[in-house]
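Taking it in order: structure first as structure tokens, then the write-up.
The values are calculated or read from the model by the stated rules, or taken from the named source; none is laboratory data. This one's a predicted model, so the numbers in the text were calculated from it and none came from an experiment. Reconstructed Cβ throughout: ideal geometry from the backbone, glycine too, with neighbour counts over all protein chains shown. Ligands, DNA and RNA are stripped out before the accessible areas are found, and what is left, the full protein with its side chains, is counted by its heavy atoms. Shrake-Rupley method; radii C 1.70, N 1.55, O 1.52, S 1.80 Å.
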Amino acid sequence: MSVLVKKEGIRLLSGNEAIARGAFEAGVKVASAYPGTPSTEILENFVRYEGVYAEWAPNEKVAVEVAIGASMGGVRALAAMKHVGVNVAADPIFTASYTGVRGGLVIVTADDPELHSSQNEQDNRHYAVAAKIPMLEPSDSFEAKEFTRLAFELSEKYDTPVFLRTTTRISHAKGVVRLGEPSGPAFPPGFTPDPAKWVMLPVNAKRRHVVVEERTKALREFAETWDGNRIEWGDRSLGIVTSGVSYQYVKEAFPDASVLKIGLAWPLPERLFREFAAGVSRVVVVEELDPHLETHVKALGIPAQGKELIPIVGELDPRIVRQAITGEAIPVRAPEPVPPRPPNLCPGCPHRGLFFALKKLKVTVTGDIGCSTLAALPPLGAMDSCICMGASIGNAHGMEKALGKDGAGKVVAVIGDSTFLHSGVTGLMNVVYNRGGSTTILLDNDITAMTGAQQNPATGKTLHGEPTRRTDLPALCRALGVEHVYTVDPHDMKRTEEVLRREVARPEPSVIITKAPCALLPDHRRKIRPVYEVIADLCTGCKACSRLGCPAIEWVPFTPEEAVDAGKKATQKGMARISPLLCDGCNQCPPLCKFQAILEIKS
Amino acid sequence: MTVPKGDVFLAGVGGQGTLLASEVLCDAFLLSGFDVKKSEVHGMAQRGGSVTTHLRFGPKVFSPLIEPGKADLLIAFEKMEALRFAHYLRTGGAMVVNAQEILPPSVATGQERYPRDVAERLRAVTDRLHMVDALAAALSMREVRTVNIVLVGAASHFLPLPEAAYEEALSARLQEKFVAVNVQAFRAGRALLQPLTVKRH
């Protein structure tokens with residue numbers, strides 16, 4: 001029955017764990033990243049290996065620059081990020097393509113088809129083509145580790161950075177991996193000055209461009225013969241060209257078809273495409289998102305089907321692939337209609353009180369990336385825009401300039417601590433420099449929360465868990481030229497609202513730092529906290545507390561008979577209840593109750 | 001009841017420990033010589049939203065995702081989440097459902113009501129519905145966090161693994177101080193369904 005027996009060296013790893021393992025086995029010495037779903041666990045796992053250095057950079061551009069520096073220094077280096085992180089890091093990446101490497105340099109891009117936790121669904125295979133950098137694309141955890149090791153070898157052999165592209169279903173899917181022994185580059189660390197290679201003045205860069213074009217030709221030859229690009233001959237009536245996780249869906253849906261599996265998404269093997277197409281009577285290209293393989297197959301004059309059958313939006317699964325290619329509708333039960341369960345700010349989240357106050361002020365809120373984006377959902381519904389990391393401050397400033405006097409005191413930017421340090425600082429600098437007057441609210445919860453609690457420059461701890469100097473956020477804002485910087489406790493609803501009203505009205509730039517730890521942080525959870533309850537006799541069912549949207553506050557609906565039985569007027573529609581299992585004791589809801597019905601449980 | 005391959009769909013609410021449950025199941029399959037893949041989503045989905053895990057085992061597994069209508073077993077950590085993902089179950093598939101109710105935002109704020117007919121609607125999907133009170137079992141052990149492993153115990157009746165595989169997986173996966181209570185939770189969960197009452201096809 002089984003193909004695998006219990007033995008040493010076999011592990012069930014996620015794609016991200018496998019990449020971390022592959023980097024360790026490849027002898028990577030320096031790794032730098034900014035956390036972002038679905039890439040975050042790569043560095044969190046890598047840092048656990050002996051003898052490695054890994055760090056959270058303030059953003060992806062810095063992470064890549066650090067990795068480039070380490071490569072120049074002669075060690076193998078890795079930078080990891082989510083797909084949109086590559087947009088931030090694109091500047092150094094495009095020129096690192098010209099300089100090439102010394103120690104192997106690998107950049108992981110973790111794409112997110114279906115937008116499980118992202119603001120767009122971009123296909124980063126385009127970056128490989130645009131930056132002229134080879135891109136490996138594993139189709140499961142096993143390949144994720146093997147391709148990571150190979151990526152470093154290719155990087156040194158061809159003197160190029162190498163992209164490793166995953167998608168959510170690679171990064172966050174677990175599969176069997178065979179562990180290997182650690183190795184490393186065949187040379188010792190050390191920097192050898194070589195201005196023609198490392199100093200990209202136009203005169204040098206012009207010559208390096210020629211090298212890049214030659215390199216791509218050599219890599220195309222590699223692509224023709226490497227067994228990661230391979231034909232699996234089967235039934236010749238259907239030939240499917242595929243890569244990444246789509247390969248698994250194809251094998252599931254069409255176990256007998258002929259398959260050309262592409263492991264190197266760039267550059268592509270032209271002779272292999274032609275050989276495959278000549279051997280089958282119908283070619284279909286199955287890939288998620290954009291028609292990357294399809295475009296290049298068709299450019300060779302090969303008649304093929306692709307996006308006319310396979311969806312361009314969202315992720316695939318075996319059923320979608322089967323239905324698209326056979327054209328047969330596969331009947332399945334319709335999902336049962338039930339109330340939706342979207343993600344929500346946690347009980348005790350310090351952001352909740354702030355957004356509740358913002359909603360009352362009726363201001364326009366330009367938002368940012370992070371847990372706080374969840375405040376856009378009902379019942380808070382207190383955010384008007386979310387574009388990308390750091391965008392809130394520039395957006396608020398732009399809107400203020402657009403609206404002129406009509407916009408004064410009406411636009412507020414809201415951004416988290418980690419996001420501010422990632423790319424909000426320059427936005428705030430711009431507000432001051434260009435005589436803006438908008439208010440920036442800096443949500444300082446002492447962690448990078450949305451991605452699962454990562455340290456950042458303002459938390460005082462490194463990825464290795466060592467203590468370090470903190471970026472002083474109020475001092476940073478003042479240094480940028482903001483005169484009015486105030487820190488409030490967002491759980492103190494009254495004070496927070498007072499400061500908000502005052503600062504929003506102020507015609508000069510101001511920053512309000514709402515400082516309270518993320519409710520999920522272990523130090524916070526270990527604290528002895530109060531638990532609140534609704535005194536049933538006092539609750540009139542006015543729903544003032546429900547509007548906070550706290551998961552711990554539940555609504556108990558009444559029929560008129562139940563209302564009377566509970567000693568209420570027959571017209572009372574229900575009452576509030578606080579779940580003692582969920583209440584975090586944040587004290588945001590008690591002041592909202594005009595009837596003093598919310599009290600601390602004394603026990 | 002040896003099944004060479006199968007698809008197990010886990011559904012719950014962020015924070016309920018579906019992740020650990022699926023890890024333990026995967027380890028148990030791996031230790032027993034199966035190929036295994038599982039897929040789940042982190043990040044945004046963990047903030048109290050619906051969470052799912054696709055777990056597939058067999059001699060050789062390709063897709064990390066289960067197709068709708070193909071799951072052999074659905075393990076739901078919350079009653080309404082069973083209904084939300086019931087369309088993943090194959091005809092004649094089994095369901096192990098925790099009777100616990102966790103109110104979604106629209107219900108907690110009084111915009112909608114928690115559906116009262118969940119059990120009836122689930123029974124219309126399969127006659128192999130097994131509703132258990134995993135929360136009560138966990139609370140009786142004074143460790144509310146073991147709800148997940150209680151459910152693994154109850155679901156183990158429908159999987160082709162010996163009890164020892166789960167206990168070995170728990171020992172391998174957990175810190176030593178948590179092993180005993182979780183092994184106890186697994187056994188308590190297994191005892192919630194008597195083998196003779198389990199309907200088989």
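Remarks
- Leading residue at positive end of dipole, chain A (Cβ point charges), from A:504, A:465, A:173: A:504
- The residues of segment B:49-167 expose on average 33 square angstrom of accessible surface per residue, using a 1.4 Å probe on protein heavy atoms.
- The residues neighbouring residue B:133, those whose beta-carbon lies less than 12 Å from its own, together hold a net charge of 0 under the Lys/Arg +1, Asp/Glu -1 convention.
- The label point for residue A:495 and the one for residue A:333, both projected 7 Å from the Cα toward the Cβ, are 5.4 nm apart.
- Among A:234, A:267, A:255 the positive-end extreme of the charge dipole of segment A:230-326 (Cβ point charges): A:234
- When each of B:5/B:177; A:298/B:70; A:82/A:515; A:359/A:461; A:359/B:79; B:37/B:177 is checked by Cα-Cα distance, pairs over 32 Å: B:5/B:177; A:298/B:70; A:359/A:461; A:359/B:79
- Using the Cβ-Cβ distance between residue B:176 and residue B:140 with R0 = 30 Å, the FRET efficiency computed as 1/(1 + (r/R0)^6) comes to roughly 0.85.
- Residue-count net charge about residue A:416 - beta-carbon cut-off 9 Å; Lys, Arg +1, Asp, Glu -1: -3
- Compactness of segment B:1-121 as Cα Rg over 2.2 N^0.38 Å, two decimals: 1.10
- When only Cα pairs below 8 angstrom with a gap of at least 6 residues are kept, segment B:93-193 shows a relative contact order of 31 percent.
- Carbon plus sulfur fraction of accessible area for the protein assembly as shown, probe 1.4 Å, in percent: 55
- Both radii are taken from the alpha-carbon atoms of segment A:350-525; with Rh as the Kirkwood radius, Rg/Rh is 0.95.
- Beta bridges assigned by DSSP with both partners in chain B are antiparallel in approximately 50 percent of cases.
- Reference-scaled alpha-carbon Rg (2.2 N^0.38 Å with N residues) for segment A:452-603: 1.38
- Considering only the Cα atoms of segment B:103-201, their convex hull presents on average a projected area of 8.3 nm².
- One decimal place: the segment residue A:479-residue A:361 gains 39.6 nm when fully extended, by the rule 0.36 nm per residue minus the C-alpha distance.
- Over chain A, Cα pairs under 8 Å with separation of 6+ residues give a relative contact order of 10 percent.
- Neighbour net charge for residue A:383 - beta-carbon separation under 13 angstrom, K R +1, D E -1: 0
- Modelled FRET efficiency - R0 41 Å, residue A:207 with residue A:525, Cβ distances, 0.05 increments: 0.10
- Charged side chains reduced to their Cβ positions (Lys and Arg at +1, Asp and Glu at -1) give segment B:6-197 a dipole of some 180 debye around its Cα centre.
- Per residue accessible area of chain A, 1.4 Å probe, in Å²: 41
- The antiparallel fraction among DSSP beta bridges confined to chain A stands at about 25%.
- Residues of segment B:14-36 with an amide N closer than 19 Å to a point placed 7 Å from the Cα of residue A:178 along the Cα-to-Cβ direction: B:30-36.
- Fully extended contour minus Cα-Cα distance, from residue A:433 to residue A:561, at 0.36 nm per residue: 39.7 nm
- Pairwise FRET efficiency - residue B:124 versus residue A:256, Cβ, R0 = 25 Å, nearest 0.05: 0.10
- Area hidden from solvent between A and B (accessible, protein heavy atoms only, 1.4 Å, total, Å²): 5200
- Note on segment A:464-543: with charges restricted to the Cβ of Lys and Arg (+1) and Asp and Glu (-1), its dipole about the Cα centre is near 160 debye.
- What you get for the protein assembly as shown, charging only the Cβ of Lys and Arg (+1) and of Asp and Glu (-1), is a dipole of about 840 debye around the Cα centre.
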